[in-house]
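Below: one structure, written as structure tokens.
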Amino acid sequence: MHAKTILSAVIVISIILLIVSIIQNSFDMVKAQQRLSDAQTKVKQLQKQKQELFFGQNKTQSSDFLEKQIRDKLKLVKPGEALVVLPSTLQNKSEEKLYKYHASEEMAQIITPTWRLWWQLFF
């Protein structure tokens, strides 16, 4: 009878270990499915980003874009055009001057903002 109780205890322990193992494997599968879903989402995002970068690269290689960048960065103008740089686009934000450049002039003019002229007039 002592052997029967030991045998039944071993069987019960084996069944419990088998159930715990099945539950643990089920949780591992759920986690693996979640990782797979996350990876698929990331792949879709990266494909979308790749497509946007590809279209951006095509855009940056167009002659219109290159001309605009050259004119903006080097502050170049075509004959008859005027270039106006607003204070928010100046590198030094504390400087509140407007620069106006005409192709016919050698030097850029510094134009005092209108509000500052009024301030100087009254104060």
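Among the residues of segment 11-25, is any surrounded by 10 or more Cβ atoms within 10 Å (Cβ to Cβ), of a type in the set (A, V, I, L, M), closer than 30 Å to T112 by Cβ and out of contact with any strand residue (DSSP E or B) (no Cβ under 7 Å at 6 or more places or on another chain)?
no
Out of Q40, Q61, which single residue is open to solvent by 100 Å² or more (accessible area, probe 1.4 Å) and at pLDDT 95 or above?
The unique qualifying residue is Q40.
Scan segment 64-79 and tell me whether some residue there is at pLDDT 80 or above, surrounded by 10 or more Cβ atoms within 10 Å (Cβ to Cβ) and farther than 30 Å from T112 by Cα.
yes
The values are calculated or read from the model by the stated rules, or taken from the named source; none is laboratory data. All values reported here derive from a predicted model rather than from experimental measurement. Using ideal geometry, Cβ is built from the backbone for each residue, glycine included, and neighbour counts are taken over all protein chains shown. For accessibility, only protein heavy atoms count, side chains too; no ligands or nucleic acids. Shrake-Rupley method; radii C 1.70, N 1.55, O 1.52, S 1.80 Å.
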